[in-house]
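First comes the structure, then the notes that go with it.
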Amino acid sequence: MARRDMVNRAIDRLSPEGLIYTTYQNRLRGALDPRSLPRHVAVLADGNRRWARLNAPGRPLEVGYQAGAAKLCDFVGWCDEIGIGTVTLWVLSTENLQRSADDELNPLMEVITRLTDDLAAVPGHRVMIVGDLDLLPATIAERLRSAERSSAGHSGTQVNMAVAYGGRHELRDAVRSLLAAEAQRGTTLEELARTLEVDQISEHLYTRGQPDPDLLIRTSGEQRLSGFLPWQSAHSELYFCEALWPDFRKIDFLRALRSYQQRERRFGK
């Protein structure tokens, strides 16, 4: 019994409220160079369903989505604290739309709309929807647009909500937008094919006008981008974490920032 009590006390000290955890967290934070923090951090918050199956067996997967949404709010708060100006959260991919509507998709979209409302309600957050909302039910799409409009006048952290997002969809939409704009100017296809520059395509991406992500984080041990920001991530630093997203801690975030600052960014040069 005495040994068990000792182990429990050690675990308590390593918990987010424990002394050892707090001391280590503060040490990580203090070691970061504020002059070389990423301007834009993007996250693939992966592992919510696996977390629910491990931590809430027999309960709806919505439990995992809710836990993941709560952690996304925490994550944006961490970025606020450290001064990261742009955050992109991938919360629903185009592939996710193939899931069972009643069992998974509808509860997930409800969690996403509530999360978007909560983030948009913070005066220091300017929320923008990044994705193809035409793929969503009209009522959900309008709720997301309404949250975006409500925060349009806010200053502070730019929070991109990647909803119904797919990298190939974004590139398709960028090309469509570019062709339509050039046609309106009277540019022929032959002229466009001869004069098209990379920057012209960038101007039609969902994230146009924003810095590309300097750091891209993916949780749950998966080590692939799965089509997330394929154009914008050309020079992003990648950080993969074993934790399932609801278990992702502030020290994991600080470790990602430490790893980022330890790398020499060459941008292909």
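The values are calculated or read from the model by the stated rules, or taken from the named source; none is laboratory data. These numbers were taken from a predicted model, which means no experiment stands behind them. Cβ atoms come from the backbone with ideal geometry, glycine included; neighbour counts cover every protein chain shown. The protein model used for the area step is the full one, side chains on, heavy atoms only, and it has no ligands, DNA or RNA in it. Shrake-Rupley method; radii C 1.70, N 1.55, O 1.52, S 1.80 Å.
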Original post:
So what's the convex hull volume per residue for the Cα atoms of the range 159-215, in Å³?
Top reply: 104
Original post:
How fast does the range 71-183 diffuse by Stokes-Einstein, in µm²/s, taking the Kirkwood radius from C-alpha pairs at 4 °C and 1.567 mPa s?
Top reply: 87
Original post:
Working out 0.36 nm times the residue gap between Glu81 and Gln223, then minus their Cα-Cα distance, what length gain in nm do you get to one decimal?
Top reply: 48.4 nm
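Please report, in debye to the nearest 20, how large the charge dipole of the chain is about its Cα centre when each Lys and Arg carries +1 at its beta carbon and each Asp and Glu carries -1 there.
Values: 35 positive and 36 negative charges, 216 e Å.
Here the chain has a charge dipole of around 1040 debye.
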Original post:
Does anything in the range 200-228 have its amide N under 12 Å from the 7 Å Cα→Cβ label point of Thr187, and if so which residues?
Top reply: 200-204
Original post:
Once the piece of chain linking Arg176 and Asn26 is laid out straight, how much longer is it, given 0.36 nm per residue of separation minus the C-alpha distance between them?
Top reply: 49.2 nm
Subject >> Spread of Cα-to-Cα distances over 5 Å intervals beginning at zero, given as percent, for the range 16-115 >> reply: 2, 11, 17, 19, 16, 13, 10, 7, 3, 0
**OP:** Give the accessible area for Ile251 in Å² (nearest 10); use a 1.4 Å probe, count only protein heavy atoms, and leave out ligands, DNA and RNA.
**Re:** 10
Original post:
Which part of the range 47-62 falls in the paramagnetic zone of Asp103, meaning amide N under 13 Å from the point 7 Å along Cα-to-beta-carbon?
Top reply: 58-62
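Pulled fully out, how much extra length does the chain show between Arg53 and Glu197, if you take 0.36 nm times their separation in residues and subtract their Cα-Cα distance? Intermediate results must be reported in sequence, preceding the final value.
On the way: separation 144, 0.36 × 144 = 51.84 nm, distance 4.77 nm.
The Arg53-Glu197 span can extend by a further 47.1 nm.
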**OP:** Within the range 202-267, report the trypsin sites (Lys or Arg not before Pro) that DSSP leaves as loop and that have at most 15 other Cβ atoms within 10 Å.
**Re:** Arg208, Arg224, Arg263, Arg265, Arg266
Original post:
Roughly how much of Val175 is accessible, in Å² to the nearest 10, using a 1.4 Å probe?
Top reply: 70
Original post:
If you line up the long axis of helix 250-262 against the longest principal axis of the chain, both from Cα atoms, how many degrees apart are they, to the nearest 10?
Top reply: 60
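To one decimal place, what Kirkwood hydrodynamic radius in Å is obtained for the range 120-174 from all pairs of distinct Cα atoms?
Values: mean 1/r = 0.0853 Å⁻¹.
Roughly 11.7 Å, rounded to one decimal.
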**OP:** Specify the angular offset, from 0 to 90 degrees and rounded to the nearest 10, of the alpha carbon long axis of helix 167-185 from the longest principal axis of the alpha carbons in the chain.
**Re:** 30
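Calculate the tail of P(r) for the range 193-251: the fraction of all Cα-Cα distances greater than 14 Å, expressed in %.
Working: 1088 of 1711 pairs.
Summing the P(r) tail past 14 Å for the range 193-251 gives 64 percent.
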Original post:
Over the Cα atoms of the chain, Rg to Rh with Kirkwood Rh, two decimal places?
Top reply: 1.01
Original post:
Under the rule of -39500 (n - 2.57) per DSSP H run of 4 or more residues, summed and divided by the residues of the chain, what mean residue ellipticity at 222 nm is obtained, to the nearest 500 deg cm²/dmol?
Top reply: -15000 deg cm²/dmol
Original post:
Just by accessible area at a 1.4 angstrom probe, what is the order of Leu119, Leu37, Leu179 from largest to smallest?
Top reply: Leu179, Leu37, Leu119
